[in-house]
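None of the figures in this text is laboratory data; all of them are computed from the coordinates on show. Quick caveat: nothing in here was measured; it's all calculated off a predicted structure. Every residue, glycine among them, receives a Cβ derived from its backbone with ideal geometry; neighbour counts consider all protein chains shown.
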Amino acid sequence: MLKFAHYIFDWGDTLMVDFPGARGPMCAWDPVAAVEGARKTLAALHQEAGCYLATNAQDSKESDIIKALERVGLADHIDRVFCFENVGYRKPSLEFYNTILNAIGATPLNTVMVGDSLETDVAGAMAAGLSGIWYNPAGLDCRVKDAGVIHSLTELIAPVH
């Protein structure tokens with residue numbers, strides 16, 4: 001059973017691998033890769049919830065992001081892409097998250113942000129009233145009060161015991 005009606009995901013190092021040293025729009029990188037478990041997780045969540053991407057990426061416009069998602073088989077599971085080009089704000093600003101909530105017709109209470117950055121993804125979203133889940137595959141020892149922590153994206157679809 002899903003806990004949220006809307007899942008907002010960070011892009012780099014949350015859904016797709018952000019290769020060090022790669023420059024320019026991610027859709028033109030060679031190679032590009034989805035983060036392990038991203039396709040399976042998005043496919044399962046998207047059957048019952050809205051799935052969105054929200055990024056601060058500066059080298060990629062919305063159309064570039066969609067092309068990159070298509071290259072790794074994730075595009076069909078993302079309802080909408082939010083970036084500086086179409087939002088006009090950056091994470092962790094309240095305006096960034098409020099613009100997204102308004103665009104998707106969601107409330108903070110039924111929406112979660114999943115990302116690899118404690119500051120911009122998790123704490124920023126939580127300051128806007130959303131739930132936050134830190135994607136922490138390295139098992140780092142940091143916390144944000146009241147934030148969830150996962151080490152694999154597939155934990156989002158694991159049965160709750």
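Charges were assigned to the Cβ only: +1 to each Lys and Arg, -1 to each Asp and Glu. The resulting dipole of the chain about its Cα centre is roughly 180 debye. Highest mean first, the peptides 103-115, 16-28, 125-137 sorted by other C-beta atoms within 10 Å per residue fall in the order 125-137, 103-115, 16-28. Residues within the reach of a label modelled at ASN98 (point 7 angstrom out along Cα to beta-carbon, backbone nitrogen below 20 Å), restricted to region 1-36, are 8. Ratio of alpha-carbon Rg to the 2.2 N^0.38 Å globular estimate for the chain, to two decimals, please. Cα-based Rg divided by the globular estimate yields 0.95. 3J(HN,Hα) along region 68-80: 5, 4, 4, 4, 10, x, 9, 4, 5, 10, 10, 6, 7 Hz, from the Karplus curve 6.51 cos²θ - 1.76 cosθ + 1.60 with θ = phi - 60°, whole Hz, x for Gly and Pro. Counting only Cβ charges, +1 for Lys and Arg and -1 for Asp and Glu, the dipole size of region 16-76 around its Cα centre is about 60 debye. Packing, as the average of other Cβ atoms within 10 Å across residues, places the peptides 8-15, 79-86, 54-61 in the order 8-15, 54-61, 79-86, highest first.
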